[in-house]
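Colleague: I'd like to ask you about the structure that follows.
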């Protein structure tokens with residue numbers, strides 16, 4: 001089973017993966033590996049990036065480091081599976097003003113602890129928890145645009161300590177590929 005990354009869904013994915021007890025007033029972070037299956041549409045050998053179109057039609061640009069030698073062998077039209085590291089930081093921010101998605105990629109790339117080419121995208125948002133249904137593991141939240149987003153959480157422990165009215169800042173960072181294979 002593979003998951004497809006989409007910028008508009010990143011915040012909700014982050015919330016589902018990294019929801020932490022807001023009452024604890026602490027930062028939480030996670031690193032996850034996401035698998036993406038798709039077809040190579042473009043290869044940029046100078047920047048070592050691939051443009052990959054997933055089966056749902058969403059296009060992704062992926063940086064592939066020199067340690068993944070298969071990059072040199074790829075051709076347009078190849079079906080591939082690539083694993084990408086995603087990092088999430090969740091911070092309770094009581095009283096903070098809600099925001100829409102903010103792209104902080106340039107700042108993340110300039111950070112002293114960022115490796116060359118590792119950070120592909122970083123986005124942040126401050127959201128408010130509207131409701132949580134612990135029996136169905138469904139959470140509803142909204143950002144500055146007042147659009148309600150509803151998602152089901154697979155691990156109910158991620159909902160522990162969250163309650164309606166909690167305000168959290170989510171930082172989502174997508175990094176470079178760590179594994180790449182052609183599909184038969």
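The values are calculated or read from the model by the stated rules, or taken from the named source; none is laboratory data. Since the structure is predicted, the reported quantities are computational estimates derived from the model, not experimental observations. Virtual Cβ from ideal backbone geometry, glycine too; neighbours counted across all protein chains shown.
Colleague: For segment 124-139, how many residues are out of contact with any helix residue (DSSP H, G or I) (no Cβ under 8 Å at 6 or more places or on another chain) and either surrounded by 15 or more Cβ atoms within 10 Å (Cβ to Cβ) or more than 16 Å from residue 156 (Cα to Cα) (or both)?
Modeller: 4
Colleague: Also, I was wondering about something else. Here is a list of conditions, (1) within 30 Å of residue 128 (Cβ to Cβ); (2) modelled with pLDDT under 85, and residue 59 meets all of them except one; can you say which number that is?
Modeller: (1)
Colleague: Could you please find all residues in segment 65-77 being in contact (Cβ under 8 Å) with a residue 60 or more places away in the chain, in a loop (DSSP other than H, G, I, E, B) and farther than 16 Å from residue 35 by Cβ?
Modeller: Answer for segment 65-77, where residues must be in contact (Cβ under 8 Å) with a residue 60 or more places away in the chain, in a loop (DSSP other than H, G, I, E, B) and farther than 16 Å from residue 35 by Cβ: 65, 74.
Colleague: Take the residues of segment 152-168 that are surrounded by fewer than 17 Cβ atoms within 10 Å (Cβ to Cβ) and under 23 Å from residue 86 (Cβ atoms): which is modelled with the highest pLDDT?
Modeller: Selected residue: 161.
Colleague: With the condition kept exactly as written, say whether any residue in segment 79-96 is in contact with a strand residue (DSSP E or B) (Cβ under 8 Å, 6 or more places away or on another chain), within 27 Å of residue 166 (Cβ to Cβ), in a strand (DSSP E or B) and modelled with pLDDT of 80 or more.
Modeller: Within segment 79-96 (the criterion being in contact with a strand residue (DSSP E or B) (Cβ under 8 Å, 6 or more places away or on another chain), within 27 Å of residue 166 (Cβ to Cβ), in a strand (DSSP E or B) and modelled with pLDDT of 80 or more), the answer is no, since none of the residues qualifies.
Colleague: Still on this structure, I have one more. Give segment 43-64 a look and list any residue that's part of a loop (DSSP other than H, G, I, E, B) and buried (at least 16 other Cβ atoms within 10 Å of the Cβ), or say none.
Modeller: 48, 58
Colleague: Follow-up. Pairs please, first residue from segment 134-157 and farther than 20 Å from residue 95 by Cα, second anywhere and at pLDDT below 70 and surrounded by fewer than 11 Cβ atoms within 10 Å (Cβ to Cβ), Cβ atoms under 6 Å, 6+ apart in sequence or on different chains.
Modeller: Final answer for the pair search is 137/152; 138/152.
Colleague: So residue 114 clears everything in (1) under 13 Å from residue 168 (Cβ atoms); (2) modelled with pLDDT under 80 except one condition, right? Which one?
Modeller: (1)
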